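Reading through the structure tokens given below for one structure.
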Amino acid sequence: MLKTRIILVVASVAIVWLLFLLPKVVVENTDQITAKEGQEVAGDPHTTTPAALRESINSLNAQYLEASGNEKSAIFADSLASMYSKAGQFDSAAWFAEKAASFFKNKESLIKAGNSYYDAYTFALDPKKQSEMAEKTRSFLGQVLEADPANLDAKTKIAMTYLSEKNPMQGITMLREVLEQDPTNEQAMFNMGMLAIQSGQYDRAIERLTDLIAIYPNHVQGQLLLGVAYLNTNKKEKAREQFELVKKLDNDPAVQAAADSYLKDLK
């Protein structure tokens, strides 16, 4: 049971997001819209959408459909992207962010589109869809990185998209380059620790995650993964300390449930 759960957790790029959100998952089939080009944009079943937010989305979408492919339409698309992201509907958020970026074509819109597709990528379970979202992420954030090579957030996200491709070393190399430029880069440090766990290098994961939390002690995901690494090296007391610490750091019910599930295995 424990081994299976750990495998499921580390198998995804959205390793801790999925673990934290899993107890909250409710499938919704009502949040679908048809854009004027005939593109069907389906919502992602990762969170329930509050009624007020859903009403706002429906209202704004009606205005978007009435617009005529101009700046006003792009502004509606940008707002819809933000609303769908807030609702946890990442596919739809990415689709609208792309529509806005295709009009504005500025750094901000490209970053938003790239980040939106990255969110959709992290939650994609179907390999084909994951590959498509990864390609879109690289397309938009690649333009950002080309214009601004110092944008390490864009580079880190691009790196992560390669990890589910045929050449994962390309992504690992990029993460190493990020850490060469910024040895304390939070996301790169965490991702390298996560990858060490994914590859079964638990001692290496402990080193990387210990370095991470020494700088970012409130990094809940890092603290949780450090517990997983300790658990897999049979350091049960240290694992217990980590999971108990996670419970103190974040009182979100999903986080509490995740930590409790591991603590239960230590009894």
Using θ = phi - 60° and the Karplus curve 6.51 cos²θ - 1.76 cosθ + 1.60, what whole-Hz ³J(HN,Hα) does each residue of segment 244-258 get, with Gly and Pro shown as x? 5, 5, 4, 4, 6, 6, 9, 8, 4, x, 5, 5, 4, 5, 5
Set the Förster radius R0 to 22 Å, insert the Cβ-Cβ distance between Ala254 and Glu180 as r into 1/(1 + (r/R0)^6), and round the FRET efficiency to 0.05. 0.05
Note down the net charge around Val178, summing +1 for each Lys or Arg and -1 for each Asp or Glu among other residues with Cβ under 15 Å from its Cβ. -3
Please state the relative contact order of segment 170-253 as a whole percent: Cα pairs under 8 Å, 6+ residues apart? 21 percent
Amide H to amide H under 5 Å from Ala87: which residues, 5+ apart in sequence or cross-chain, H placed 1.01 Å off N in plane? none
Taking only C-alpha positions in segment 80-178, Rg and Dmax in angstrom work out to 12.8, 36
Calculated P(r) of segment 167-267 - Cα pairs past 19 Å, %: 42 percent
Counting Lys and Arg as +1 and Asp and Glu as -1 over every other residue whose Cβ sits under 11 Å from the Cβ of Leu263, the net charge comes to +1
Go through segment 85-94 residue by residue and turn each phi into a ³J(HN,Hα) via Karplus (6.51, -1.76, 1.60, θ = phi - 60°); whole Hz please, and just put x for glycine and proline. 5, 4, 7, x, 9, 6, 4, 5, 4, 5
Beyond a 23 Å Cα-Cα separation, which of these cross-linked pairs lie in this structure: Lys157/Lys238; Lys157/Lys248; Lys107/Lys166; Lys128/Lys157; Lys86/Lys248? Lys157/Lys238; Lys157/Lys248; Lys107/Lys166; Lys86/Lys248
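We did not get these values from a lab; they are worked out from the coordinates using the rules stated. What you are looking at is a predicted structure, and each value in this text was computed from that prediction instead of being measured. Every residue, glycine as well, gets a Cβ built from its backbone with ideal geometry; the counts of neighbours run over all protein chains shown.
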